[in-house]
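The values are calculated or read from the model by the stated rules, or taken from the named source; none is laboratory data. Note that the coordinates shown come from a computational prediction; the quantities given were computed from them, not determined experimentally. Heads up, the Cβs are rebuilt from the backbone with ideal geometry, glycines too, and the neighbour counts pull from every protein chain shown. To get the accessible areas, we keep the full protein, side chains included, count just its heavy atoms, and leave off ligands, DNA and RNA. Shrake-Rupley method; radii C 1.70, N 1.55, O 1.52, S 1.80 Å.
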Amino acid sequence: QVQLVESGGGLVQDGGSLRLSCVASGRTFTVGWFRQAPGKEREFVGLIYWSGGTTYYADSAKGRFAISGDNAKNTVYLQMNSLKPEDTAVYYCAASTRRSAFYARLSSYEYWGQGTQVTVSS
């Protein structure tokens, strides 16, 4: 069983930046970030493969968000820049012990954090 704890959410103005952290209690193969806005489905934001550090991003995140990992701290970061009001959501990290071709699907992840709120004001 792997436990994930997110932190770093908060209130930021349009165009601002935030860095979210996800600390894992054990090693996994993949760590993804998802978000869920009020009244909407949870959606994929991006992921990192621990082995090699390869990252993938949703179109909405490309060029503005960056995911990185610190092996020593078993922590994955989501750096979010140029934030927009439409980025307002609860952000979740998720982890899988395997690699999946369907990495944007919620069902590809076995473990989930509790979420952290990000609010971008206009």
Considering region 64-100 alone, what residues qualify as being open to solvent by 50 Å² or more (accessible area, probe 1.4 Å), at pLDDT below 95 and closer than 13 Å to Ile48 by Cα?
-> Asn71, Thr97, Arg98, Arg99
Filter region 28-47 down to residues that are in contact with a strand residue (DSSP E or B) (Cβ under 9 Å, 6 or more places away or on another chain) and not in a strand (DSSP E or B) and give me whichever is farthest from Ser100 (Cα to Cα).
-> Pro38
Going through (1) among the β-branched types (Val, Ile, Thr); (2) open to solvent by 60 Å² or more (accessible area, probe 1.4 Å); (3) touching a residue at least 60 places away in the same chain (Cβ under 8 Å) one by one, Val23 fails only at (3)
With criteria (1) in a strand (DSSP E or B); (2) within 21 Å of Arg64 (Cα to Cα), Gly16 comes up short on (1)
Filtering region 88-105 for residues that are over 27 Å from Val12 (Cα atoms) and in contact with an Asp or Glu (Cβ under 9 Å, 6 or more places away or on another chain) leaves a count of 3
Any pair with Cβ under 8 angstrom, 6 or more apart, that starts in region 46-69 at a residue that is within 19 Å of Ser108 (Cβ to Cβ) and touching a residue at least 40 places away in the same chain (Cβ under 8 Å) and ends at one that is open to solvent by 60 Å² or more (accessible area, probe 1.4 Å) and part of a loop (DSSP other than H, G, I, E, B) = Leu47/Tyr103; Tyr49/Phe29; Tyr49/Arg99; Tyr56/Tyr103
Identify all residues within region 27-57 that are open to solvent by 20 Å² or more (accessible area, probe 1.4 Å), farther than 15 Å from Gly69 by Cα, out of contact with any Asp or Glu (no Cβ under 9 Å at 6 or more places or on another chain) and among the hydrophobic types (A, V, I, L, M, F, W, C); write none if there are none.
-> Phe44
Restrict the check to region 53-75 and report whether at least one residue is more than 16 Å from Arg19 (Cβ to Cβ), touching a Leu at 6+ places or on another chain (Cβ under 6 Å), assigned to a strand (DSSP E or B) and not small (Gly, Ala, Ser).
-> yes
Scanning region 103-122 residue by residue, those of a type outside the set (A, V, I, L, M, F, W, C), open to solvent by 70 Å² or more (accessible area, probe 1.4 Å) and in a helix (DSSP H, G or I) turn out to be Ser107
